[in-house]
Amino acid sequence: MKKVIVFMMLLLPCVAFGANNAKDDKVISFQFYGSDLQVHFDASKRVKVKKNDSVKVVKCVEWLTSVTDETLKECLKLKEEMNLCDWAYLKLLEKLSKASLGDTNEATLMMTVLLNRSGYETKLAWQGPKTLRMLYCPDATIFQTNYFYKDNKWYYMYGSSDTTTVNLLALEMPKGKKMSMRINGDQKFAVNLSEPRTVTSLKNEDFSFTFQVNKNLIDFYDDLPVFYFNDDFMTRWTAMANVPLDEHLQNTLIKEMKEKLAGLSQQDAVQQLLSWVQGKTDIKMKNPNQNSFLYAYDDDVWGYDRAFYAEETLFYPYNDTEDRSILLSRLIRDVLGLKVLFVYYPGHTALAVCITDADVKGAYVVKDGMHFVICDPTYIGSDVGEEMPTVKELEKTVRLLE
């Protein structure tokens, strides 16, 4: 009877935040993308889980649920203060849990309990005989990650892509919401600026900007998985393009571009941005120190296909078709406020821009009754309205960006 009572207690969501006895509290210090953070957590009555032992898992979850009221309150406050998206919040919980309990099964359980008590759907699984894994439930498809279909939802294994035998635990945790994979605002990480980089347009030497990128944000993007929405792999790129540039770049690069483009027609302003992003080609990667964006293949640079968020294209020397399209789409929206389409060809990506102050000649597409002119940041030297000859006869698919 006692075991049943413990099990049922785990089904009840814990929403009240009670303060722990101050003398029992311990301050856990940890680094989170450059920020030195502190959260209270008392591990003095730790329950260890070293092997596939469901009884110990239940006891550990029960212990963590009883001692994390104040910890949870502080984590949720940090989420709000730092404007963290759901994935960044998950990373915060992971770093806190490992700082508190090491790289252990108990840390996995702590992260799981905190995420679940924050209102998110979670489950647990054994990977092999000794390793616990958290399963999270996102609102997107996570690429190349182990997953399970349970209770009409997809759960993904966090922290490993290993295909070693994985078994779900028959342990029900409080129901919750799906974790959003969208990044709708500026993540308030500590600022650690990169070395200054200067990029100059090949068509206009006066259209030149020196900028810096927050390296902590680059580290965060490196930790994000590849994901897409509604079984549409093309949303992989549109989701990345819809992430706004951070506050530092808004106050420096974007502000300077607005000042330089003031008074130009929309077409001329778009042309300046297009030429600036087009840069050069350096397929063999022999000269990365040019004041220009350099085109190279992902397989040669990284060894696999990798798309960049806008800040990553500003940071890394080499980029390709979708990277340039993501960056240019961000610049056109942030600097000029114009509507932009992603244009997909087989094996190629470009943009189309809705220019409203003139009838612009050239290749175009129509979406929702609006006229969008092709702009191709990979077709080096091309003008607004020019379509790459090798793809112009291919079928196009378009997606409107936010």
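With a ≥ b ≥ c the root eigenvalues of the C-alpha gyration tensor of the range 111-153, is it rounded (a/c under 1.5), prolate (a/b larger than b/c) or oblate? Since a/c reaches 1.5 but b/c is at least a/b, the shape of the range 111-153 is classed as oblate.
Can you flag which of Lys79/Lys280; Lys91/Lys280; Lys56/Lys188; Lys73/Lys258; Lys48/Lys215; Lys123/Lys188 are past 32 Å Cα-Cα? Pairs exceeding the cut-off: Lys79/Lys280; Lys91/Lys280; Lys56/Lys188; Lys73/Lys258; Lys48/Lys215. Applying the criteria of a DSSP loop state and at most 12 other Cβ atoms within 10 Å to the GluC sites (Glu not before Pro) of the range 104-179 yields Glu172. With one equal scatterer per alpha carbon and no solvent term, the Debye-computed log10 I(q)/I(0) for the range 215-345 at 0.13, 0.18 1/Å reads -0.57, -1.10. Phi-derived couplings, Karplus 6.51 cos²θ - 1.76 cosθ + 1.60 at θ = phi - 60°, listed residue by residue for the range 269-279: 5, 4, 4, 4, 5, 4, 5, 5, 7, 4, x Hz, with x used for Gly and Pro. Model label sites at Asp162 and Leu193, defined 7 Å from Cα along the beta-carbon direction, differ in position by 4.3 nm. Under 5 Å between amide hydrogens, built in the peptide plane, is the criterion, and for Ala125 it picks out Arg133, Leu135, Leu169 among residues at least 5 positions away or on other chains.
DSSP beta bridges confined to the chain are antiparallel in about 90 percent of cases. Using θ = phi - 60° in the Karplus curve 6.51 cos²θ - 1.76 cosθ + 1.60, the 3J(HN,Hα) couplings for the range 339-355 round to 6, 9, 10, 7, 10, 9, 10, x, x, 8, 9, 9, 10, 9, 10, 8, 8 Hz; x is entered for Gly and Pro.
Here the contact order of the chain, divided by its residue count and restricted to Cα pairs under 8 Å and six or more residues apart, works out to 11 percent.
Here's how it looks for Phe293: its modeled amide H is under 5 Å from those of Gly279, Lys280, which are all 5 or more places away or on a different chain.
Sparse packing (at most 10 other Cβ atoms within 10 Å of the Cβ) combined with a DSSP loop state is found for the following GluC sites (Glu not before Pro) in the range 200-256: Glu205.
Phi angles of the range 62-77 translate, via the Karplus equation with coefficients 6.51, -1.76, 1.60 and θ = phi - 60°, into HN-Hα couplings of 4, 4, 4, 5, 7, 10, 10, 4, 5, 4, 5, 4, 5, 5, 5, 5 Hz per residue; Gly and Pro are given as x. Relative to its residue count, the range 26-129 spans a Cα convex hull of 99 Å³ per residue. Under a model in which nothing but the beta-carbon of Lys, Arg (+1) and Asp, Glu (-1) is charged, the chain shows a dipole of about 1920 debye around its Cα centre. Working ranking of peptides 354-367, 302-315 by packing, defined as the average number of other Cβ atoms within 10 Å per residue, highest first, is 302-315, 354-367. A cut-off of 5 Å between modelled amide H atoms, ignoring neighbours fewer than 5 places along the same chain, links Lys367 with Phe372. Overall, the anisotropy analysis places the range 89-186 in the rounded class: the square-rooted eigenvalues a ≥ b ≥ c of its C-alpha gyration tensor yield a/c less than 1.5.
Partners of Lys392 within straight-line reach, counting lysines whose Cα lies under 18 Å from its Cα and excluding those fewer than 8 residues away in the same chain: Lys361, Lys367.
For Ala43 and Lys178, the FRET efficiency from 1/(1 + (r/R0)^6), where r spans their Cβ atoms and R0 equals 45 Å, is about 0.90.
At 222 nm, what value in deg cm²/dmol follows for the chain if DSSP H runs of at least 4 each add -39500 (n - 2.57) and the sum is divided by all its residues, to the nearest 500?
Here the helix-only value at 222 nm equals -9000 deg cm²/dmol.
Working ranking of peptides 123-130, 219-226 by packing, defined as the average number of other Cβ atoms within 10 Å per residue, highest first, is 123-130, 219-226.
Relative to the dominant Cα principal axis of the chain, helix 105-117 is inclined by about 70°.
Bear in mind these aren't lab numbers, they're just calculated from the coordinates by the rules spelled out. Here the structure is a predicted model, which means the values were calculated and not measured. Note: ideal-geometry Cβ built from the backbone for every residue, glycine included; neighbour counts use all protein chains shown.
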